[in-house]
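Laboratory data are not the source of any read-out in this text; all were calculated from the coordinates shown. The model shown is predicted, which means the values in this text are computed figures rather than measured ones. Neighbour counts are summed over all protein chains in view; Cβ atoms, including those assigned to glycine, are modelled from backbone coordinates with ideal geometry.
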Amino acid sequence: MELTDKQTQFQQEMREFCEQEIEPNAAQIDRDGEFPADVINKVADRGLLGMVAPKEWGGLGLDTVSYAIAVEEISRACGSTGITVAAHNSLGVMPMVLFANDKQKNEYLALLCSGKDGLCSFGLTEPDAGSDAGATKTTGVRDGDDWIINGGKCFITNAGVCKALVITAKTQKIQGSRGISSFIIDRDTPGFVIGKKENKMGLRGSDTRELSFENVRLPATKMLGNEGEGFKQFMIILDGGRISIGAMALGLAQGAYDSCLKYIRENRKSLINSQAVQFQLADMHVKIQCARHLILHASRLEDANQTFSVESAMAKLYASEIGTEVARTAMQIVGPDAYSSELPLERIYRDVRLCEVGEGTSEIQRLVIARDIIKCDLS
Ligand code: COS
């Protein structure tokens with residue numbers, strides 16, 4: 001299915017913006033390993049920190065297809081900027097859109113969509129609760145009208161540059177994933193410590209940190225939704241997040257492919273006539289298009305309010321794995337120059353590996369898909 005005229009125009013505008021304002025900074029962002037505040041300010045000026053929020057709450061109110069297009073284009077230009085924007089929108093803003101009450105929306109949404117006082121983070125992962133997200137050890141204990149939070153999180157994107165986070169804590173002594181609740185926590189809440197920055201293989205400009213909570217007192221008004229709904233809320237959020245990580249992997253793959261093609265056209269014309277290289281280019285092209293179709297399919301299901309958990313898992317799984325493959329093949333074709341930071345290929349190769357690990361590993365996506373297959377076979 002084709003994009004609508006409006007989506008096509010948005011794609012062209014995003015391509016132009018990313019090539020002018022983001023791509024020229026990508027190598028430096030990677031080299032410095034610093035959060036790209038200037039680039040994020042430009043992203044904010046275009047409203048792209050509020051892509052998933054409705055207009056009445058200060059967002060752009062984009063459909064999921066357009067949002068996926070934006071994440072693809074940003075990531076094609078710069079992976080660090082891509083993950084920053086994707087995590088903020090899908091994991092930070094989206095829980096507020098879906099689960100916050102009007103008072104919480106009034107307090108946070110427009111501010112977070114503007115990016116003026118910082119971004120938003122999603123605190124789910126813990127040292128012993130990564131793939132097994134239900135094993136959360138962070139606790140929330142009721143004390144009068146407040147909740148006292150203790151514990152810690154790790155690998156939290158945007159943590160050092162956030163205004164607020166949405167976190168999970170176990171509030172009921174029930175086995176497994178039930179009994180988990182989610183809370184909004186402000187950056188400057190006493191007892192909340194934003195810890196050391198991770199020194200990562202790729203996506204070096206994105207700000208990833210550990211968090212600790214020491215007797216953090218949160219008023220009951222900071223609970224998101226009802227007590228015990230946290231796990232399901234986060235599963236719903238991850239369904240959408242997987243589309244955006246798929247789109248990010250797709251953008252990185254497209255960036256690697258484009259860079260490879262440009263390089264051989266300009267520097268190794270003889271390779272264009274090599275059938276071995278032609279076959280590699282054809283395979284890369286087909287895989288990129290397949291990934292795009294899976295991402296658009298999952299996005300369209302979400303836009304049509306249909307279930308899309310399995311489709312988003314398939315999109316993320318496939319796009320992430322072909323992302324790594326395409327980046328690797330592009331490097332093989334280009335040869336030694338691809339190993340130098342003069343070209344974006346080695347950076348893309350490092351950046352794209354995150355997509356097979358973050359927001360649910362490839363193995364978790366296979367689990368989600370397999371469970372659906374088994375369920376269908378039994379029914
Ligand atoms: N949407 C809505 N509800 C969902 C859901 C979804 N996508 N997935 C699960 N649920 C619900 C189930 O329906 C079930 O509800 P009931 O308790 O009412 O029956 C509940 O959540 C528990 O589901 P399940 O038993 O399937 O949970 P598991 O503990 O077996 O975990 C996986 C399922 C492994 C899929 C889950 O833990 C997961 O996605 N892990 C990866 C987490 C991840 O991506 N971490 C990285 C985050 S970095 S940002």
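For LEU224, nonlocal amide neighbours, meaning residues 5 or more places apart or on other chains whose placed amide H falls under 5 Å from its own, are SER182, PHE183, ILE184. Restricting the range 21-65 to GluC sites (Glu not before Pro) that sit in a DSSP loop and have at most 16 other Cβ atoms within 10 Å of their own Cβ leaves GLU34.
Here the Karplus relation 6.51 cos²θ - 1.76 cosθ + 1.60, evaluated at θ = phi - 60°, turns the backbone of the range 56-72 into coupling constants of 5, 10, x, x, 8, x, 6, 6, 5, 4, 5, 4, 5, 4, 4, 5, 4 Hz, with x for every Gly and Pro.
Only helices enter the 222 nm calculation for the chain: every DSSP H run of n ≥ 4 contributes -39,500 (n - 2.57), and dividing by all residues gives -17000 deg cm²/dmol, rounded to 500. With the largest listed first and rounded to whole Å, the semi-axes of the equivalent ellipsoid of the range 120-228 from the Cα gyration tensor are 23, 16, 11. Treating each Cα of the range 231-378 as an identical point scatterer and summing with the Debye formula, the log10 of I(q)/I(0) at q = 0.15, 0.19, 0.21 Å⁻¹ comes to -0.75, -1.02, -1.17.
Amide H contacts of GLY123: VAL166, ILE167, THR168, each under 5 Å away and 5 or more positions distant or on a separate chain (H built 1.01 Å from N in the peptide plane; Pro and chain starts excluded).
For the chain, the longest principal axis of the alpha carbon atoms and the long axis of helix 230-267 meet at an angle near 20°.
A P(r) calculated from all alpha carbon pairs of the chain, with 10 Å bins opening at zero, reads 5, 24, 33, 24, 10, 3, 1, 0 percent. Residues SER75, SER270, SER182, arranged from fewest to most other Cβ atoms within 10 angstrom of their Cβ, appear as SER270, SER182, SER75.
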